[in-house]
1. Restricting the stretch 134-177 to residues that are surrounded by fewer than 21 Cβ atoms within 10 Å (Cβ to Cβ) and of a type in the set (G, A, S), which is farthest from the chain's Cα centre (by Cα)?
2. Can you find a residue that is out of contact with any Ser or Thr (no Cβ under 8 Å at 6 or more places or on another chain), in contact (Cβ under 8 Å) with a residue 60 or more places away in the chain and farther than 23 Å from A49 by Cβ anywhere in the stretch 85-104?
3. Given the structure, is S129 surrounded by fewer than 21 Cβ atoms within 10 Å (Cβ to Cβ), hydroxyl-bearing (S, T, Y), closer than 14 Å to F184 by Cβ and touching a residue at least 40 places away in the same chain (Cβ under 8 Å)?
4. Could you tell me whether Y79 is of a type in the set (S, T, Y), more than 21 Å from T204 (Cα to Cα) and modelled with pLDDT of 95 or more?
5. I'd like the residue in the stretch 189-216 that is among the hydroxyl-bearing types (S, T, Y) and in a loop (DSSP other than H, G, I, E, B) and, out of all such residues, is nearest to K83 (Cα to Cα).
6. Does R99 fit the bill of being outside any helix (DSSP H, G or I), surrounded by fewer than 18 Cβ atoms within 10 Å (Cβ to Cβ) and not β-branched (V, I, T)?
7. Being loosely packed, with under 14 Cβ neighbours inside 10 Å and farther than 15 Å from S123 by Cα is the filter; apply it to the stretch 198-213 and report the residue that is modelled with the lowest pLDDT.
8. If you scan the stretch 105-126, which residues turn out to be in a helix (DSSP H, G or I), of a type outside the set (K, R), farther than 30 Å from K60 by Cα and in contact (Cβ under 8 Å) with a residue 12 or more places away in the chain?
Amino acid sequence: MDYKRQAELDTSGFVLLADYIPSVIQEIRYYSTFNFIGDRIDGYEEPCAVITKEAARALKEVSNEMIVKGYRLKIFDAYRPAKAVRHFVLWGIEDLDLRMKPFFYPDLEKQELFRQGYIAKMSSHSRGSTVDLTLFDMKTGQELDMGSPFDLFSDISHPDSKKVTDEQHHNRMILQKAMTRNGFVPIDCEWWHFTLADEPYPETYFDFNVSSEYWR
């Protein structure tokens with residue numbers, strides 16, 4: 001794959017997710033410092049979810065289905081610039097920076113995050129049709145209890161973990177079944193992570209910043 005395909009800057013196939021789903025809740029963790037690195041991540045200029053048009057349409061169907069059941073979608077991350085992934089990799093090389101270890105990877109060494117698939121040198125998020133999300137219960141005013149928080153790098157975060165309660169597993173399956181019914185594919189190590197099966201840019205890794213300026 002050549003550099004052009006790795007650093008595509010064309011935003012024409014992308015949208016702001018909130019324009020498609022006004023009810024969506026956004027807590028874009030890599031814009032904040034509350035993430036596994038502890039700093040704002042390169043390329044995150046605004047706390048907004050950006051995503052391909054195709055993934056946005058599919059998520060709108062998920063949202064419609066969940067609202068009927070009393071839930072709203074809460075987004076932690078969607079499109080992720082390639083420069084952000086490079087930030088992750090460079091952080092992984094720095095052995096001394098362990099500020100957020102107690103919160104996000106308490107039982108693993110940094111190098112294991114790569115070996116176990118939690119961090120990769122290239123991320124499906126940079127192709128624009130991957131999303132990290134959970135469900136917000138409108139009745140309780142809280143996130144649905146999934147048994148582990150977003151970005152906890154641990155086997156308890158595996159969707160089929162036996163370390164969670166029956167209710168927590170059931171909650172994970174509410175999310176997973178809604179996502180798969182609407183064309184998304186889960187992964188085996190993170191209950192929150194889904195990629196559109198028929199993604200429009202399966203070989204392109206974009207590198208424009210996360211910002212609303214492209215759609216103003």
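1. Residue satisfying both the conditions and the ranking: G141.
2. Yes, that holds for at least one residue.
3. Taking the combined requirement at face value, the residue does not satisfy it.
4. Details: of a type in the set (S, T, Y): yes; more than 21 Å from T204 (Cα to Cα): no; modelled with pLDDT of 95 or more: yes.
The answer is no for Y79.
5. If we filter the stretch 189-216 for residues that are among the hydroxyl-bearing types (S, T, Y), which is where we start, we get 195, 201, 204-205, 211-212, 214.
Adding the requirement that they be in a loop (DSSP other than H, G, I, E, B) leaves 201, 204-205, 211-212.
On the way: Y201: 18, T204: 14, Y205: 10, S211: 14, S212: 18 Å.
Among those that are among the hydroxyl-bearing types (S, T, Y) and in a loop (DSSP other than H, G, I, E, B), it is Y205.
6. Taking the combined requirement at face value, the residue satisfies it.
7. Looking at residues that are loosely packed, with under 14 Cβ neighbours inside 10 Å and farther than 15 Å from S123 by Cα, I get E213.
8. Q111, L113, F114, listed by residue number.
The values are calculated or read from the model by the stated rules, or taken from the named source; none is laboratory data. Values in this document were obtained by computation on a predicted structure and should not be read as measured data. Counting neighbours? That spans all protein chains shown, and the Cβs are built from the backbone with ideal geometry, glycine included.
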